[in-house]
Amino acid sequence: MKVAELIKLLKRSDCYFVEHGKEHDKWHSNLTGKDFRVPRHKSKEIPPGTLSAILKDAGIDYRRN
């Protein structure tokens, strides 16, 4: 999944942008109450482990087929 696709999914899942970092942006999930970092390069693929951790912190159950 590309960063741009992930951001659309986060917005639909009650998550919102908090602040810019140097290479990552900080987001917050209202579902879990957690803050998490998302890489800023919108056209790059996110490594599977990183994607899994972000989705877990965001409270999103998403499985790619």
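The values are calculated or read from the model by the stated rules, or taken from the named source; none is laboratory data. These figures come from a predicted structure and were not determined experimentally. Every residue, glycine among them, receives a Cβ derived from its backbone with ideal geometry; neighbour counts consider all protein chains shown. Note: areas computed on protein heavy atoms with side chains; ligands, DNA, RNA excluded. Shrake-Rupley method; radii C 1.70, N 1.55, O 1.52, S 1.80 Å.
In sequence order, the range 18-25 has phi-based couplings of 10, 7, 7, x, 5, 10, 10, 9 Hz under the Karplus curve 6.51 cos²θ - 1.76 cosθ + 1.60, θ = phi - 60°, and Gly or Pro positions carry x.
The residues of the chain present an accessible area of 69 Å² per residue when probed at 1.4 Å with all protein chains retained. Relative contact order for the chain: 32 percent, from Cα pairs under 8 Å spaced at least 6 residues apart, divided by residue count. Excluding same-chain neighbours fewer than eight residues apart, the lysines reachable from K56 by a Cα-Cα span under 22 Å are K2, K8, K11, K26, K34, K42, K44.
Per residue, the convex hull around the alpha carbon atoms of the chain comes to 75 Å³.
The charge dipole of the chain, taken about the Cα centre with unit charges on the Cβ atoms of Lys, Arg (+1) and Asp, Glu (-1), comes to about 200 debye, rounded to the nearest 20.
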